[in-house]
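See structure below.
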């Protein structure tokens with residue numbers, strides 16, 4: 001059995017960690033909470049130069065043709081660094097959607113730009129509050145034009161195009177549509193105030209914007225969206241576990257340097273047990289992430305179960321770890337200058353971005369029922 | 001990343017599989033309810049075929065197998081659940097490795113003691129816990145006093161599993177009460193037929209009697225049955241406990257996700273299968289995440305062994321997590337049955353297994369180190385957090401409150 005990363009992959013991860021420690025310190029994330037830029041362009045440029053946006057794009061489309069095992073270790077490090085960049089939107093969602101369902105023409109046009117950083121993509125799903133279901137999609141596509149309202153879209157203010165979930169008014173099927181965002185007459189965006197301003201969010205109003213369907217091929221188009229979300233869930237889970245481990249390390253380090261009642265607070269069992277439970281949850285989630293990475297990389301039939309398992313356990317681990325990290329820090333953990341809140345904010349963004357814990361719990365059980 | 005055997009591993013797996021296919025004893029040929037008597041013929045067959053305790057050196061009855069070979073063997077053997085020989089694990093997985101470490105320079109003693117452990121002819125009982133020494137094991141009071149070339153042992157042990165059937169006992173005693181508690185301990189092994197030993201089964205909360213109290217009145221143990229130096233008992237005991245933590249785990253009484261998923265498909269809420277209920281699904285998903293996480297964590301450790309490396313610290317969470325999770329699942333299963341959840345039908349082993357498990361699981365969270373002790377171990381040895389200050393650390397044992 002070789003249920004582990006290769007030496008090269010471990011090396012790549014070390015390089016990524018070093019790069020981000022230097023290029024993405026916590027102060028950069030903190031300042032991104034209140035500047036107006038939709039993302040940190042300099043950091044993004046560095047990430048593009050490292051080749052990360054090109055990682056899983058095949059060489060024929062200008063990418064590096066690496067495996068998902070390389071991409072997940074990068075995702076983990078981006079999560080650890082709480083990087084204020086549109087990586088998840090552009091790489092886990094827009095790039096994945098094109099790889100999964102794009103026409104040859106769409107792939108030829110967009111994948112090289114995604115790879116070399118000249119384009120950023122994103123994904124628009126939500127229409128109002130509540131769990132996504134195809135029945136709740138009112139954005140309509142007809143005669144090459146798309147109209148409707150997407151209520152919360154990550155990183156669209158940074159993106160050149162958006163993979164949009166919409167309903168074909170002829171077939172009534174819900175599918176994926178590629179919409180370029182430079183159509184000033186037909187698209188208006190409203191920036192949103194959010195819990196985590198280090199990543200930009202907006203609502204998008206489409207009013208007869210040009211759009212191209214992503215051909216689903218033989219796949220049922222609703223299934224296609226589930227497939228895309230399953231694949232993205234694995235990558236999101238790796239970001240989550242990176243952040244979760246970072247918060248555990250912060251908590252441990254602080255508990256070793258802070259004294260109360262004459263001794264290190266990390267010597268009290270109340271805190272030791274809390275951190276042991278953080279470690280246990282993170283470890284279970286990490287192991288589930290390993291399995292999901294394997295399933296994604298081999299396109300295994302176990303992917304729906306594995307993705308949901310990784311997603312649920314990573315979401316839970318990061319929520320627990322990020323909130324208890326603040327708790328272990330006490331008062332200073334609730335200050336702007338300490339880094340605890342950066343992870344606490346990002347934890348919620350990651351938790352709801354492609355479906356909440358509750359949504360993925362439901363998917364997990366469905367997937368085990370189908371597998372049985 | 002893959003789940004494949006290396007060619008050497010695959011060859012070994014095939015060899016193990018073939019041997020098991022030819023030699024496994026069918027369930028119908030096993031006799032009696034006492035698992036030690038029931039499985040003894042199977043252990044004998046394993047031993048004669050060279051498949052018992054395969055990681056031990058050949059001279060002691062093993063085949064010098066590598067850790068990964070042992071994992072493969074366990075995986076293959078697990079396909080025959082009726083042949084699970086866990087009742088022999090005190091001797092095989094805890095005592096034997098400890099003896100091999102501390103009696104390394106006495107091969108003739110090991111040649112006497114180890115092969116009967118492998119063959120199942122002789123079982124062992126661990127005599128560690130005492131009424132005054134549970135989580136704080138080193139507070140134990142059973143005295144061993146020097147008497148010529150022997151020790152005279154007086155005191156009481158408790159929570160000793162399967163003491164009645166055991167041929168040998170492995171005991172940790174206090175040999176010097178005038179030094180701090182960890183420094184005054186010594187380990188011995190003894191014949192359980194010695195005069196002066198009285199075994200009283202404990203009626204447990206689940207109605208069974210797996211554990212015992214063992215009383216010692218002037219029990220004479222020759223000094224050549226000492227394991228480790230006089231005063232080295234704590235180190236020896238901790239070594240054995242670390243083997244115990246490895247040997248534990250994996251036992252879930254059949255309470256798992258699949259069993260719960262089946263049940264949730266059978267029982268109804270508002271006239272529909274319970275599994276359609278959103279709250280039920282959320283709980284099921286959480287249980288699945290823990291179970292899958294433990295499985296994948298084990299696979300990471302096996303992968304390390306396969307590469308000839310030591311597994312990392314990740315498996316240390318097993319004992320901390322598994323008891324509490326299993327208890328939650330069992331309680332939830334009973335809730336799904338509503339009023340019927342209380343009914344204990346003992347007509348077959350399968351009927352009411354959630355109820356039986358519910359009653360037995362509290363011991364999982366205590367035996368071999370409580371959940372809280374396990375959390376301390378993770379916090380200290382994995383996360384590097386400091387120990388709680390100890391008021392008894394540098395005080396002679398006989399000056400401690402309760403130490404006399």
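The values are calculated or read from the model by the stated rules, or taken from the named source; none is laboratory data. What you see is a predicted model, and the numbers here were worked out from it, not measured in a lab. Every residue, glycine as well, gets a Cβ built from its backbone with ideal geometry; the counts of neighbours run over all protein chains shown.
Just to be sure I understand, how many residues within the stretch A:276-304 are assigned to a helix (DSSP H, G or I) and closer than 16 Å to residue A:69 by Cα? Matching residues across the stretch A:276-304 total 14. Among the residues of the stretch B:115-125, some residue qualifies, meaning at least one is modelled with pLDDT of 95 or more and in a strand (DSSP E or B). So which residues in the stretch B:380-400 are more than 17 Å from residue B:182 (Cβ to Cβ) and without any contact (Cβ under 8 Å) to a residue 24 or more places away in the chain? Those that are more than 17 Å from residue B:182 (Cβ to Cβ) and without any contact (Cβ under 8 Å) to a residue 24 or more places away in the chain: B:383, B:384, B:385, B:386. For the stretch B:161-174, enumerate the residues that are assigned to a loop (DSSP other than H, G, I, E, B) and touching a helix residue (DSSP H, G or I) at 6+ places or on another chain (Cβ under 6 Å). Residue satisfying the conditions is B:165 alone.
Restricting to strands (runs of 3 or more DSSP E) lying wholly in the stretch A:132-174: which have 3 or more residues that are under 20 Å from residue A:122 (Cβ atoms)? Talk me through it step by step, then tell me what you get.
Details: elements: A:140-142, A:145-154, A:161-168.
So the answer is A:145-154, A:161-168.
Taking the stretch A:110-136 as the range and being without any contact (Cβ under 8 Å) to a residue 40 or more places away in the chain and crowded, with 18+ Cβ neighbours inside 10 Å as the test, the residues that pass are A:126, A:127.
For the stretch A:328-372, a tally of residues being closer than 24 Å to residue B:286 by Cα, part of a helix (DSSP H, G or I), touching a residue at least 12 places away in the same chain (Cβ under 8 Å) and away from every other protein chain (no Cβ under 14 Å) returns 10.
Of all the residues that make up the stretch A:296-322, how many are farther than 15 Å from residue A:285 by Cβ, more than 9 Å from every other protein chain (Cβ to nearest Cβ) and surrounded by fewer than 21 Cβ atoms within 10 Å (Cβ to Cβ)? Qualifying residue count for the region: 4.
Given the residues B:255, B:267, which is the only one that is crowded, with 19+ Cβ neighbours inside 10 Å and either outside the structural domain of residue B:360 (by TED's automatic domain parsing) or farther than 21 Å from residue B:168 by Cα (or both)? That would be B:255, the only listed residue that is crowded, with 19+ Cβ neighbours inside 10 Å and either outside the structural domain of residue B:360 (by TED's automatic domain parsing) or farther than 21 Å from residue B:168 by Cα (or both). The set of residues in the stretch B:367-379 that are touching a residue at least 40 places away in the same chain (Cβ under 8 Å) and within 11 Å of chain A (Cβ to nearest Cβ) comprises B:371, B:372, B:373, B:374, B:375, B:377, B:378. Would you confirm, using the coordinates I've provided, whether residue B:228 is buried (at least 18 other Cβ atoms within 10 Å of the Cβ), in contact (Cβ under 8 Å) with a residue 12 or more places away in the chain and on the phi > 0 side of the Ramachandran plot? So residue B:228 fits the description; yes. Of the residues examined, residue B:346 is not one that is modelled with pLDDT of 90 or more and either within 20 Å of residue B:207 (Cα to Cα) or surrounded by fewer than 20 Cβ atoms within 10 Å (Cβ to Cβ) (or both). From the list B:31, B:27, B:108, the lone residue that is surrounded by fewer than 14 Cβ atoms within 10 Å (Cβ to Cβ), over 29 Å from residue A:2 (Cβ atoms), at pLDDT 95 or above and out of contact with any strand residue (DSSP E or B) (no Cβ under 9 Å at 6 or more places or on another chain) is B:108.
Could you identify the single residue in A:67, A:89 that is in contact (Cβ under 8 Å) with a residue 40 or more places away in the chain, in contact with a strand residue (DSSP E or B) (Cβ under 9 Å, 6 or more places away or on another chain) and on the phi < 0 side of the Ramachandran plot? A:89 is the lone residue from the list that is in contact (Cβ under 8 Å) with a residue 40 or more places away in the chain, in contact with a strand residue (DSSP E or B) (Cβ under 9 Å, 6 or more places away or on another chain) and on the phi < 0 side of the Ramachandran plot.
When residue A:160 is tested against (1) crowded, with 23+ Cβ neighbours inside 10 Å; (2) at negative phi, exactly one condition is not met: (1). Annotation for the stretch A:217-233: no member residue is farther than 22 Å from residue A:315 by Cβ, assigned to a loop (DSSP other than H, G, I, E, B) and at pLDDT 95 or above.
Can you say whether residue B:293 is at the interface with chain A (Cβ under 9 Å from one of its Cβ atoms), in a helix (DSSP H, G or I), surrounded by 19 or more Cβ atoms within 10 Å (Cβ to Cβ) and modelled with pLDDT of 90 or more, as far as the supplied structure shows?
Details: at the interface with chain A (Cβ under 9 Å from one of its Cβ atoms): yes; in a helix (DSSP H, G or I): yes; surrounded by 19 or more Cβ atoms within 10 Å (Cβ to Cβ): yes; modelled with pLDDT of 90 or more: yes.
It is true that residue B:293 is at the interface with chain A (Cβ under 9 Å from one of its Cβ atoms), in a helix (DSSP H, G or I), surrounded by 19 or more Cβ atoms within 10 Å (Cβ to Cβ) and modelled with pLDDT of 90 or more.
Looking only at residues that are under 21 Å from residue B:17 (Cβ atoms) and in a loop (DSSP other than H, G, I, E, B) in the stretch B:37-62, which one is nearest to the chain's Cα centre (by Cα)? So, considering only residues that are under 21 Å from residue B:17 (Cβ atoms) and in a loop (DSSP other than H, G, I, E, B), the one nearest to the chain's Cα centre (by Cα) is B:53.
With the requirement that a residue be over 28 Å from the mean Cα position of the chain (by Cα) and facing chain A (nearest Cβ under 8 Å), what does the stretch B:388-404 give you? Answer for the stretch B:388-404, where residues must be over 28 Å from the mean Cα position of the chain (by Cα) and facing chain A (nearest Cβ under 8 Å): just B:389.
If you go through the stretch B:370-387 and keep only what is buried (at least 22 other Cβ atoms within 10 Å of the Cβ) and within 19 Å of the chain's Cα centre (by Cα), you end up with B:374, B:375, B:378.
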